[in-house]
Amino acid sequence: MYVVEAVDLHKSFGDVKAVNGVSFKVREGEIYGLLGPNGAGKTTTIRMLIGLLKPDKGYALIMGHNVVEEPIKVKKLIGVVPEEANPYPDLSAWDNLILVGRLYGLPDSDIRERASNLLKLLDLYGVKDRKAKNLSKGQRQKLLIAMALISNPKVLFLDEPTGGLDVFSARTIRELILKLRRGGVTIFLTTHNIEEAGALCDRVAIIRGGRIVEEGSPDELKIKVGAYTYITITFNKALEEGRLDFLEPYEYSLQSSKLSIICTKPAEVIVKVVDYAKKSGLEILDIKISPPTFEEVFMRLVKG
Ligand SMILES: Nc1ncnc2c1ncn2[C@@H]1O[C@H](COP(=O)(O)OP(=O)(O)OP(=O)(O)O)[C@@H](O)[C@H]1O
Ligand SMILES: [Mg+2]
């Protein structure tokens, strides 16, 4: 059984088609990422998956339960960290957790035990009595994750979990996500951070204009555009743009003495460049050949 299933989800706001036929399936224990640029439909999709927004068409299932028809069952299975959320500012970290636990109707002794464990897991135990408004942004984000986990959900939804965090806090959150997965939690997250998706996710769906344009493991996506090779050639002096007609069939860019070319047949290109260098009395100082990075893959897929 799949943990999360989206089946042909549609949602429009007026004449904006925010989500336009999105389907995917998330397996148990996976970290699944919905990756896309601003306005692609990530948050709208997540809101339909967690029952905050009713689809115009299509449906979502959490462990086989229809999100619209069985909201209570679904709420017990999921934890959510929304895109823009805040703990109660005047309550301590500890009291925020207790409050959420009570909202779920859990027995107080269970809540206290889970709250302690989560605060320790997230490295927040030392600040548990501090008011939420006095926590740092990263600490607040971790507290929100703890609040989403207090009910021991099977699947955790995170909308831009590292948005607005510094590099260090973002890494702490990513490590935490991996730790949670090891503990058996299935993770669904959205991000526009390509490297994050590449480093963290088992599978990624790339969304653009409300549609999934690609899906696969980060490596599979790389292979899809992996037919392309990136070549960077450094010469001993600046090149003249006007004399590079022979590169017309390829995608290339020139920065003074540095020429970058994207192509499918590197050997063929290098022969041409060496030939050109000879004729022009240029010396080649360095040739670098590399596979595309995840970011380059993403840019190609998003541009279509
Ligand atoms: N409540 C709403 N009313 C009107 N338009 C909306 C509403 N919610 C979203 N939209 C529009 O739907 C589209 C998708 O928005 P959504 O928030 O899902 O994008 P996103 O991928 O989460 O973007 P971001 O990376 O900026 O968070 C955008 O064009 C947005 O302006
Ligand atoms: Mg969003």
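In table form, for the structure just shown:
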read-out	value
Residue match in the range 132-155 (condition: surrounded by 15 or more Cβ atoms within 10 Å (Cβ to Cβ), modelled with pLDDT of 95 or more, assigned by TED's automatic domain parsing to the domain that holds M63 and under 15 Å from the mean Cα position of the chain (by Cα))	no
Residues of the range 194-237 classified as within 16 Å of ligand 1 (Cβ to nearest atom) and of a type in the set (G, A, S), total	4
Per-region count, the range 42-60, residues touching a strand residue (DSSP E or B) at 6+ places or on another chain (Cβ under 7 Å), within 16 Å of ligand 2 (Cβ to nearest atom) and either of a type in the set (D, E, K, R) or assigned to a strand (DSSP E or B) (or both)	1
Any pair with Cβ under 6 angstrom, 6 or more apart, that starts in the range 6-28 at a residue that is without any contact (Cβ under 8 Å) to a residue 40 or more places away in the chain and ends at one that is in a strand (DSSP E or B) and surrounded by fewer than 13 Cβ atoms within 10 Å (Cβ to Cβ)	none
Strands (runs of 3 or more DSSP E) wholly inside the range 201-304 containing at least 3 residues that are among the hydroxyl-bearing types (S, T, Y)	229-235
Single match in G39, G29 (criterion: outside any strand (DSSP E or B) and within 8 Å of ligand 1 (Cβ to nearest atom))	G39
Those residues of the range 16-26 which are more than 8 Å from ligand 1 (Cβ to nearest atom) and among the aliphatic types (A, V, I, L, M), in sequence order	V22, V26
The listed residue being of a type in the set (D, E) and touching a helix residue (DSSP H, G or I) at 6+ places or on another chain (Cβ under 6 Å), out of E240, E214, E220	E214
Criterion: farther than 23 Å from P218 by Cα and surrounded by fewer than 16 Cβ atoms within 10 Å (Cβ to Cβ) - qualifying residue of L52, L61	L52
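Matching residues to (1) buried (at least 19 other Cβ atoms within 10 Å of the Cβ); (2) free of Cβ contacts under 8 Å to residues at least 24 places away in the same chain; (3) on the phi < 0 side of the Ramachandran plot:
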{"site": "R203", "(1), (2), (3)": "yes, no, yes"}
{"site": "L239", "(1), (2), (3)": "yes, no, yes"}
{"site": "F246", "(1), (2), (3)": "no, no, yes"}
{"site": "Q255", "(1), (2), (3)": "no, yes, yes"}
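The values are calculated or read from the model by the stated rules, or taken from the named source; none is laboratory data. Please read these numbers as outputs of a predicted model, since none were measured by experiment. Cβ coordinates were reconstructed from backbone atoms using ideal geometry, including for glycine residues, and neighbour counts include every protein chain displayed.
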